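Let me begin by presenting the structure, written as structure tokens, before commenting on it.
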Amino acid sequence: MISRRTFTTAVGLGLGLGLGTTAVPANASPTDAASAAPHAPASATASATAPTPTAQSALTAFTDLKQVRAGVLDVGYAELGPKHGPVVVCLHGWPYDIHSFVDVAPLLADAGYRVIVPYLRGHGTTAFLSPTTVRNAQQSAIALDIVALMDALRIRQAVLAGFDWGSRTADIIAALWPERVRALVSVSGYLITDVAAQRNPLPPKAEHTWWYQYYFATDRGRVAMETRQNRHDLCRLVWDEVSPTWDFDDATFERTAAAFENPDYAAIVIHNYRWRLGLADGERRYDRYERLLAARPAVAVPTVALDPALDPFLASTDGSGYRQFFTGPYEHRVLAGVGHNAPQEAPAEFARAVLDADRLAVRR
């Protein structure tokens, strides 16, 4: 039976109820990944009967983290919910960690989902298995990490939900390995990197917002990320700038900052941003995937795209700039009053999007 202890009884069981977001419904490869455990059938998915999530959880941190060998990594992850429930994989961004989903995960778990929240490579307890593995953070490498994690956990298919690096990763998996993705929740829409296009300058105001990306292109920025206090203060500044109305306290930031102490953190962050600008090489073993991604592949899986209204990285929040890349069942929503860290700033709205994306999959 689905627990309702984290949901308010005032909203009842109506799945169509809004949560303060603007919903705009749309008109209607290669992989080594092997299938293992079957996904729950559509008729058994939690979204068919779950109440609307509205309350934050009492969870203050993920405890009892798990580890699993997957691909080139020993992945650290949190897991909540029933072992045999339909799976949601929640993917964080930078400079964040799994605690961006500390309020979302219990809501989804109580709605009957098995929720997996992994640390991305270079973060938290996720570690490389070999000291000789290149500390590479190009987009396809991170996406393959998550495919390998799903294989290791015997997850054939999941709803993928992410923001920032997590959105990009989820978008890539949905585009290249759609059979692994039941539905998608993507904050900021289509974020697959076009390295060639990155060589073109943006309008000056947009370039100013990306100041740290250019800082990381210098040795001075690299040293800053390798220096504990500078790294801490830089990440805190980014939090302040990109979430202008989020009233988080010091303890909330420090809980996440612990994930930045990973010995590979600086190398992964620096490589990610330099690679995106064409200033660092990737690895040849990922070339075939990057060629496919350079073609800007469409995403055909059921998708809910979320645009935080106060995210400084968004040129607009109407979703028109990326709508053509989503060719399957689709909804677009604006998160009013919310900045870049959407799941932590608006956990109920984010959880609602997951349930509704899964419902789009049921209808397909």
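The values are calculated or read from the model by the stated rules, or taken from the named source; none is laboratory data. Please read these numbers as outputs of a predicted model, since none were measured by experiment. Cβ sites come from the backbone with ideal geometry, for glycine too, and all protein chains shown count toward neighbours. The accessibility values were calculated without ligands, DNA or RNA, using every heavy atom of the protein model including side chains. Shrake-Rupley method; radii C 1.70, N 1.55, O 1.52, S 1.80 Å.
Miscellaneous remarks
- Residue match in region 134-144 (condition: open to solvent by less than 10 Å² (accessible area, probe 1.4 Å), in contact with a Pro (Cβ under 9 Å, 6 or more places away or on another chain), at pLDDT 95 or above and hydrophobic (A, V, I, L, M, F, W, C)): no
- Scope region 150-164; condition part of a helix (DSSP H, G or I) and crowded, with 22+ Cβ neighbours inside 10 Å; matching residues: 150
- Taking each residue of region 126-142 that is over 14 Å from residue 192 (Cα atoms) and looking for partners that are in a loop (DSSP other than H, G, I, E, B) and not hydrophobic (A, V, I, L, M, F, W, C) with beta-carbon atoms closer than 6 Å, six or more apart or interchain, yields 126/119; 134/283; 135/264; 136/283.
- When residues of region 181-222 are limited to those that are modelled with pLDDT under 95 and among the aliphatic types (A, V, I, L, M), the one farthest from residue 347 (Cα to Cα): 196
- Picking from residues in region 276-295 that are closer than 20 Å to residue 212 by Cα and in a loop (DSSP other than H, G, I, E, B), the one that is most open to solvent (accessible area, probe 1.4 Å) is 281.
- Picking from residues in region 318-350 that are in a loop (DSSP other than H, G, I, E, B) and β-branched (Val, Ile, Thr), the one that is most open to solvent (accessible area, probe 1.4 Å) is 327.
- Which listed residue, of 167, 186, is closer than 21 Å to residue 95 by Cα and in contact with a helix residue (DSSP H, G or I) (Cβ under 6 Å, 6 or more places away or on another chain): 186
- Per the listing 253, 260, 248, the residue uniquely modelled with pLDDT of 95 or more, under 22 Å from the mean Cα position of the chain (by Cα) and not in a helix (DSSP H, G or I) is 248.
- Selected residue [open to solvent by 20 Å² or more (accessible area, probe 1.4 Å), over 30 Å from residue 112 (Cα atoms) and touching a Lys or Arg at 6+ places or on another chain (Cβ under 8 Å)] from 315, 267: 267
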